[in-house]
Protein chains: 4
Amino acid sequence: MFFASDNTGPVHPKIMDALSEANTGYAMPYGDDAMMDRVRDQIREVFEAPEAAVYLVSTGTASNSLILATLAQPWETIFCSPVAHIHEDECNAPEFFTGGSKLTLVTAPNAKIDADKLRRKIEAEENRGVHGPQRGPLSITQVTERGTIYSVAEITALCSVAKSYNMPTHLDGARFANAMVTLGCTPAEMTWKAGVDAVSFGGTKNGCMGVEAVIFFDPKHAWEFELRRKRGAHLPSKNRYLAAQMSAYLSDDLWLDLAKASNAATARLKAGLKKIENTSFLYEPEANIIFAGWPRSAHARLHDAGAQYHIIEGALEGDNPDEILTARLVCDWSMTEAKIDQFLDLARG
Amino acid sequence: MFFASDNTGPVHPKIMDALSEANTGYAMPYGDDAMMDRVRDQIREVFEAPEAAVYLVSTGTASNSLILATLAQPWETIFCSPVAHIHEDECNAPEFFTGGSKLTLVTAPNAKIDADKLRRKIEAEENRGVHGPQRGPLSITQVTERGTIYSVAEITALCSVAKSYNMPTHLDGARFANAMVTLGCTPAEMTWKAGVDAVSFGGTKNGCMGVEAVIFFDPKHAWEFELRRKRGAHLPSKNRYLAAQMSAYLSDDLWLDLAKASNAATARLKAGLKKIENTSFLYEPEANIIFAGWPRSAHARLHDAGAQYHIIEGALEGDNPDEILTARLVCDWSMTEAKIDQFLDLARG
Amino acid sequence: MFFASDNTGPVHPKIMDALSEANTGYAMPYGDDAMMDRVRDQIREVFEAPEAAVYLVSTGTASNSLILATLAQPWETIFCSPVAHIHEDECNAPEFFTGGSKLTLVTAPNAKIDADKLRRKIEAEENRGVHGPQRGPLSITQVTERGTIYSVAEITALCSVAKSYNMPTHLDGARFANAMVTLGCTPAEMTWKAGVDAVSFGGTKNGCMGVEAVIFFDPKHAWEFELRRKRGAHLPSKNRYLAAQMSAYLSDDLWLDLAKASNAATARLKAGLKKIENTSFLYEPEANIIFAGWPRSAHARLHDAGAQYHIIEGALEGDNPDEILTARLVCDWSMTEAKIDQFLDLARG
Amino acid sequence: MFFASDNTGPVHPKIMDALSEANTGYAMPYGDDAMMDRVRDQIREVFEAPEAAVYLVSTGTASNSLILATLAQPWETIFCSPVAHIHEDECNAPEFFTGGSKLTLVTAPNAKIDADKLRRKIEAEENRGVHGPQRGPLSITQVTERGTIYSVAEITALCSVAKSYNMPTHLDGARFANAMVTLGCTPAEMTWKAGVDAVSFGGTKNGCMGVEAVIFFDPKHAWEFELRRKRGAHLPSKNRYLAAQMSAYLSDDLWLDLAKASNAATARLKAGLKKIENTSFLYEPEANIIFAGWPRSAHARLHDAGAQYHIIEGALEGDNPDEILTARLVCDWSMTEAKIDQFLDLARG
C-alpha cells in the first residue's frame, strides 16, 4: 500500500524494454545520438511545435531551475504560488541557478494562482525603480501540488496577465499527463496556445526511470539553455538512455495510458474515502493526488498494516484517537485496485 | 570503430540486469531505498572506510563540482592541472557550484601535477592577505586527462604538500578503475591512505548507464553535501536505479574486469600503433587513452572507413598528406580485438 | 521642504571637519589606519562589547547583505518582515551576497514582526528534510521601515524565539540612533543584551556622508566577513575617511544629538498634521518617519510649492480633489522648524 | 617616506573644497543630483563620447567587477594578464559579480598582454562546444600593475584581436591619468578610438577620497549596469559627494596636474636610483610605479628610518646583507622632492 508518492513506483516494462533496445553498440554522447533526434521530433509533433527547442534532464528540479534561470535575470522576481514545488521543495535550487532571483508568492486558493491577485502582486513589484526586484517570469504547476488542475481558460488568463507585463511564463508539468487526461485537451492547448513559453514535461513520476523534457517553444533560448545545462552538470554523457525512456513514453500513447491508470486509481480511492464517515477533503482531487483527513485511530490501523503515505497535518503519535489527521495520498500508474480496496478496508475500520 | 570516448559505449549486461531486478514494486525515493544501503556498504568495504559518506549522482561533472563546492569557499582557489577536466571541460561548473572560486593551474608534465611546482603555486597564493584568493582544495585526476597515471607515491606526495597548508584534497576518478588495474593497488591505497579526502568514483565511462559515486572519507561533510546536491538538482527521486547500477558494478569484481578489458584493448591498440612507421606518441599510454599522431593520409583512410575519434591537433582537411595530425583514442570495455585490428590495418595503409 | 528621505540631507559640519582633520599626510590603507583603531574602540565602548568585530562600509545595503551572507548559508531562508528593506529595497542584494538564500516573510503588524507568527513561520520551514530551505537568520529593522519601533522587550522576545531554533539574529539599524533616542535605552540593551548577534549601525541617514558600521558581537565571524567584504568590493582603500566620519559621529554624543533633532522635527510635524482635519495616520510615528494621508488638493498645493516627498498610495494626478493620498515624510537632522511650519501651512490650506 | 601605494596619500585640497561646497542643503539621492548631471557632461566631453553611460562607485574593484559582470556571461572566460589586479588582488570579486566566469591568463611580458599570445589563447577556448568556457571580454590594465604602459597602437592591436572574435573590451584605468600624461594622447585615443568598450576611470589613487567612474561607450549597457550596481550594494545614497569629487577632479585639468606630479616624482626617484650601484630595475618605470632591487643592507637602513614600501621578492629579515630584495615603490601626487631625496640618500648609504 504505497501512497507516499508517484516517484516510489516501478518503471513501466515498455520503458525498460526501450532501455534494452537502446543498449546496442556505440552511440554519440551528449545528445548527439539518433534516439535524441527521434525524441525531438516526437515532442514537436505531440506539441504541434515544429520549432521548439527540446532537451532532456534527469530530475524535475533540474528542469524547473534551468528553465527559470534561462527566463529570469538575477535581479528579477519569479511569481509563483506559496505551495509551488519550486518554492517549497527544491532547497533554493531556483535561487541558485538564477544567481539569486527572488520568488514572489501569489495567493492561490486550492493551490491555483488567481489572475487578479497575480496582477496585483505584479503591480506591487518593479514600481521602485532600481531599488526593488524587477518583474520576472510567472511559474505555474499543472497538476498543482495539491492535486487540483488549472483549466485551459485559467492558464490562458494567467499567461495573459503575465504577457501584459512582458513577463515570460513557465509551466511545471511534473504531472503534465495527469492534467491532460483530466482536461481532455491537447498538449498545445494546455501550453503555447494558452501563452506558456516553456514547459517542464515530466516523465519520472509517470512510469519513467528518471527523465524530464525541457521544452522552449521559442528556440531563441536554445544555446543559452545548453550552456546552463552543461554548467549545471545536467548534460548526461550517455544521453541515449534518457532519450530511449522519453521516446518509449511518448510512443503508442503510453504516457496517456499511464496517467489514465493513476487517475483512475485515485478516483477509486477518492470514491471509497468519500463513503467513509469522518473523512474530509482539503481539496477536490482532480488527478492523482488526494489530501484528506480522518481520525487518528484509522491512521494507526493503516500504519500498522504497512500503508505508506505522508501525514501532513498532525502526528501519528497522540492521545486522542478521534483527532483528524490529514494525509497526502498519491497513486502511480502501477497502483492496483486490490491495494486500494485493502487500504479502504483498513480506513473504514 | 568507436574510439571517440568511453562514454559512447553500451551498458554492460550485468548492469542492465540489475536495473531489471530493481524494478519490482515500490521503493522509497531520494536514496532511502534498500539498494542504496547496500551500495554504501559495498563502497565502505571496497575502500576500507567504514565511516565514509557515500552518495550517487548521474554525471561526473556533478560529482566533481558538488565535492569541490563542499570543500572550497568562494573566496578560495582550487589547485589543478591546466588540462584538468574541471578546468577545461565543465563549462565553469566548478565556478558555478562553489559560488565563484578560482582555479589555479599548476604546471603538469604528462598531465600530472608536480609536487614542487604545486608547492610554489600554493606559496604564491594567500600571501596578499585579504586581497588575493585564499588557498583552497587540491584536485587531481586519476587516470589523467592525457591517459597517464599517478603512482601511489606521487599522490601521497601531492596530498602531503596540500596537507602541509591545511588544504583538502579531491581525486577526480572518472576512470578510477582503469588506474587501479594498472597500478595493482587497493582503492584505499590510491585514496585516503595517500591523503585524499574526497573521490569522484566513476561508473558511467566503465560500463554503467549513468552513475558516479561521491565519497567523503570524513563524514563531517555529509549533511552539507546532501543540501548542496539537492540545491544543485542532483538528488534523483528514483535513486534505486542509480544504486542498482553501482551495486552491480561493484559486485563480483565487475568494475575491475571491465577496466581490465578496456586497458587490454588499449594496450593492443598501442602495440599495433607503435609498429607503424611515422606514428608518434604524445604521452605514454598507461590506461585506456592514447594520444598519438600519424600522417593525414592515414587519418583520411580511417575516417572514410567510418572510424570515430577526435583529432585534437590539426584538421582532417588539408593539402599535405604527410602532415602529422594528433588523435585521441579511447577504448571502452566493449572494444573488440577485431575492431582494433581493423583500425590498425587502416592506419597502416 | 525636503521630506523625501533622511539621505537627502547635508553632512553635519562636525563630520566635515573630521574629514579635513583626517586629510593630513599619509595613512595606511584598507583599514590599517590609526583612525580605524579609534573607531573600533569607540564602538566597543559604546556597545559595552570589548570583543566585538567592527568594520565600516559605505552603504546600508552593503552592511545588511554582507552580514546576512556571513550568517546565512545559501540553502537557508532569512526570516524578515514583508516591508523589510532587505526584501523590498535592495534589488535582491541579500540573495546575491548569500549565493541564493531565500527570504521568508513573517506577518508584521505596524512593520514589527510578531513573535508568535515568527515561531509559526520557523516551524513551517526545515520540516521537509533536505527538500525545503533550512532555517537561517532572523533579520529585524529598527526603526522599522514604517517609522515604528520595537521595544527592548519585543526584540528580546523575537531573538529568544530565533535562539530556540539556533538561528542567528541581525538588526538593520539604518536609523539605530533614532530608535535609541525614543526608547531611552543603551546600545547594548537594544542589541546583544536582547539577543542580537550582528548590527548594521547606520551613519549615512543621520548626518554622515556615507558610512555604516558592521558589528559582530562574536568575533568568530571576523575573518570570513573581511573576505566577503573584499570580494564584494566593499573594502575602501582610503578607509581613513570612513573612519573619520564614524569617529566624529560617535564623539561627544553627536549621533544622539542628531537623532534627537530629527525625531523632534518629526514630532513637531506630526503634532501639526494631527491638528489638520482629514489627516489620517497609517502608523503611529515613533521616530523620524511619518506615513499619513490627506486630500489630493492639499498634496497639490504642497507639490506646487516645491515640497518633496513620496506619495506611496495614490497618484498626484487625478480628478477627485478629496481623495486621500498617503505620503511618506522623513525628517533629517537639519530639518528646520520654519520649513515644517511652512509645510503645515500649505497642508492646512 | 610613504612609497607603499598611491592610495595612502591625502586628498587634494580642491577635492576637499568641492565636498564642502556640495554640502549645502538637500539634494536628491542615488545619483539624481545636479552634480551628477555635471559629472556626466564632463566625462562625455573629456572622452568625446556624447552618448556614454557614466556612473560613479567608491572602489576600483567595484568598478572592474561590475563592468565585467555586465560584459561577461557566467559561462564565459575573461582574458587578462597573470598580474592583472582583477586576478591577483580582488579576492575573486570578478568571479563573484559575474556569477562564476573564469579568468584566462595570457602571457604578458612587462605586464602587457601580447596580441599574438592573446589570439592563441582565444583560439584555445570555445573550441570544445558546450563543454569548455565560452569566450568573454578582454580586460587590460593601463598603467599596468608593473608600472608599464600600453601604447595606443598596442591597445588598438589588442582590441582588434578581441573584436575579431566579437569579444567586448574593458580597460582598468585605476591610474588612467598617469598613463595619459606619459603617452600625451587624448582619453578618446586611449579608449574607444582604440576599441575599448568600457573603462574603470580611477580617481581614488590620484587625489580623490574614494571615487571611480564607470564609463560604457555604448549606452545599451546602462540599465543592466544600474541594476547590477544596486544589487551589488554599490549605489551610494548620498551620491552627490562622489559626484563632487569627480567633478572637481575633472575641472581645470586637476586630474592631469596630479598625474604629472606623481609621474615627475617617480621620474626623480628613478633617476636617483639608477645612479646607485647595485640597483636593478625589473621593468622600465613609465608612470608612477617602480619595481627595483637593491641589497638588503640598504633596505634595512630605509626601513629603520621609517620608509614605507612593499618588498615583493625576498624578506627584510635575512643574514646576507648583499642579497638583492625587490621593492615596489609608488609615488602619489603629494610626494615631495625632499622625501625622495631623503629616500635616495638612505638608499645610497
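Laboratory data are not the source of any read-out in this text; all were calculated from the coordinates shown. Treat the numbers as computed from the prediction; the structure is a model and nothing was measured. Glycine also receives a Cβ, built like all others from the backbone with ideal geometry; neighbour counts cover every protein chain displayed.
Values computed for the structure shown
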item: Per residue convex hull volume, Cα atoms of the range C:93-145, in Å³; result: 82
item: Distance from the range A:157-227 to the range B:149-201 (C-alpha centre basis), Å; result: 45
item: Per-copy distances of the C:TRP223 label point, shortest first, in nm (7 angstrom along Cα→Cβ); result: 2.3, 4.5, 4.5
item: Among the listed pairs A:LYS14/B:LYS230; D:LYS205/D:LYS230; C:LYS102/C:LYS205; A:LYS14/A:LYS260; C:LYS121/C:LYS163; D:LYS121/D:LYS163, those beyond 22 Å (Cα-Cα); result: A:LYS14/B:LYS230; D:LYS205/D:LYS230; C:LYS102/C:LYS205
item: Shape box of the range C:258-348 [Cα atoms, principal axes, largest first, Å]; result: 41, 25, 21
item: Reciprocal of mean inverse Cα separation for the range B:1-139 (Kirkwood radius, Å); result: 18.1
item: GluC sites (Glu not before Pro) within the range D:252-349: DSSP coil, no more than 13 neighbouring Cβ in 10 Å; result: D:GLU277, D:GLU317
item: Given charges at beta-carbon only (K, R positive; D, E negative), |dipole| of chain C in Debye; result: 340
item: Label-point gap, in nm, between A:ALA300 and D:ALA305 - each point 7 angstrom along Cα→Cβ; result: 9.2
item: Among D:VAL39, D:VAL57, D:VAL161: highest mean-square fluctuation, GNM of chain D, C-alpha pairs under 10 Å; result: D:VAL161
item: Modelled FRET efficiency - R0 56 Å, C:LYS163 with B:ALA338, Cβ distances, 0.05 increments; result: 0.20
item: 11 Å beta-carbon shell around B:ALA93, net charge (K/R +1, D/E -1); result: +2
item: Partners for B:LYS117 among aspartates and glutamates (Cα-Cα distance below 17 Å; same-chain residues under 8 apart left out); result: B:GLU125, B:GLU126, B:GLU154
item: Alpha-carbon centroids, the range A:311-349 and the range D:305-322: separation in whole Å; result: 78
item: Quarter of the Cα convex hull surface for the range A:56-210, i.e. its orientation-mean projected area (nm²); result: 8.3
item: Fluctuation leader among A:ALA157, A:ALA111, A:ALA243 - chain A, Gaussian network, Cα springs under 10 angstrom; result: A:ALA157
item: In Å, descending, principal axis extents of the Cα set of the range D:1-53; result: 42, 32, 18
item: Residue-averaged [θ]222 nm for chain D, counting only DSSP H segments that reach four residues, each worth -39500 (n - 2.57); result: -12000 deg cm²/dmol
item: Position C:GLY25, label points 7 Å along Cα→Cβ, spacing to each other copy in nm (shortest first, one decimal); result: 4.1, 8.4, 8.5
item: Listed residues D:ILE290, D:PHE47, D:PRO137: farthest to the positive end of the dipole of chain D (Cβ charges); result: D:PRO137
item: Under 14 Å, Cβ to Cβ, from C:GLU323 - net charge with Lys/Arg +1 and Asp/Glu -1; result: -3
item: Fraction of alpha-carbon pairs over 26 Å apart in chain B - percent; result: 51
item: Bins of 10 Å from zero: percent of alpha-carbon pairs in the protein assembly as shown; result: 2, 8, 15, 20, 20, 16, 11, 6, 2, 0, 0
item: Radius ratio Rg over Rh of the range B:165-267, counting only Cα atoms, Kirkwood formula for Rh; result: 0.99
item: Derived scalar couplings ³J(HN,Hα) [the range D:277-286; Karplus, 6.51 cos²θ - 1.76 cosθ + 1.60; whole Hz; x for Gly, Pro]; result: 4, 6, 9, 10, 10, 6, 9, 7, x, 10
item: Axis-nearest residue in chain C [Cβ, rotation onto B], distance in whole Å; result: C:GLY99, 2
item: Other copies of B:ALA124: label-to-label distances in nm, shortest first, labels 7 Å along the beta-carbon direction; result: 1.3, 5.3, 5.4
item: Partner chain coverage, peptide D:99-107 - average Cβ within 10 angstrom; result: 5
